[in-house]
Amino acid sequence: MRISVAVALDIGTTTIAGAGVDAGSGAVIAEDSIANPQSKWGSDVLSRVNAISKDPALLDEMRRSVVAACNAIIKSVSGGSKPIEVSVAGNSVMEHLLLGVSPLPMSRVPYKPAFKDAKRMRASEAGFDAGADAPLFVFPLIGGFVGGDAVAVALALGLAHKNGVCLAIDIGT
């Protein structure tokens with residue numbers, strides 16, 4: 001019996017990680033990661049934003065490179081089937097680049113992202129190799145440099161239901 005697979009992706013500045021999840025049980029069936037190919041434009045988000053400010057055509061090139069890397073992970077973790085849904089979390093700049101939205105507003109005061117709301121669309125519209133009508137959910141952003149990855153951590157840890165002070169630390173790039 002073939003299971004329905006959902007894919008969760010964490011697009012980090014350095015590494016893109018993904019998990020295939022049995023959509024019925026919620027069990028993780030496979031995990032994989034790959035270096036973020038955007039690193040050739042800089043090892044940090046500000047270098048990448050600066051590269052786009054000098055050559056706006058790089059925005060689409062960066063978008064295509066990250067989508068290709070995500071598709072490699074999707075293929076690796078989906079057990080040979082097309083995922084029925086895809087969820088993506090990343091820092092604010094990574095989510096902008098994934099969606100082909102210029103991150104330039106975050107490079108200057110007041111460091112505001114072009115969007116903060118969660119994005120929903122068909123995964124295929126973003127270039128993901130998923131089922132024909134598979135939805136894509138991109139986590140909402142909190143602000144200029146507090147992204148959907150922080151929202152995903154807060155949800156996964158149930159921080160909204162904790163009493164007292166809680167601290168989650170993401171030691172990335």
| request: Two decimals is fine: what is log10 I(q)/I(0) at q = 0.13, 0.14, 0.20 Å⁻¹ for the stretch 47-170, from a Debye sum with one equal scatterer on every Cα and no solvent? | output: -0.59, -0.67, -1.15
| remark: So, with points 7 Å from each Cα along the Cβ direction, the V153-S43 label distance in nm works out to 2.1
| task | Measure off, as a whole percent, the carbon and sulfur share of the 1.4 Å-probe accessible area of the chain, all protein chains present. | result | 56
| task | Would you mind calculating the relative contact order of the chain from Cα pairs under 8 angstrom and at least 6 residues apart, reporting the percent as a whole number? | result | 22
| field | Summed residue charge, Cβ within 13 Å of S76's Cβ, Lys/Arg positive, Asp/Glu negative | value | -2
| field | S107 versus T15: modelled label distance in nm, points set 7 Å from Cα along the beta carbon direction | value | 2.8
| task | Could you work out the local net charge near W41, counting Lys and Arg as +1, Asp and Glu as -1, over the other residues with Cβ closer than 14 Å to its Cβ? | result | +1
| field | Simple label model, 7 Å out from Cα along Cβ direction - A72 to H161, nm | value | 3.8
| note | Links exceeding 29 Å between C-alpha atoms in this model, out of K82/K112; K40/K116; K82/K162; K54/K75; K116/K162; K40/K119, come to K82/K112; K82/K162; K54/K75
| Accessible area per residue of the stretch 19-173 at 1.4 Å probe, in Å²? | 53
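The values are calculated or read from the model by the stated rules, or taken from the named source; none is laboratory data. These numbers were taken from a predicted model, which means no experiment stands behind them. Glycine gets a Cβ as well: all are built from the backbone with ideal geometry, and neighbour counts include every protein chain shown. Quick note on the areas: whole protein, heavy atoms, side chains included, nothing else; ligands and nucleic acids left out. Shrake-Rupley method; radii C 1.70, N 1.55, O 1.52, S 1.80 Å.
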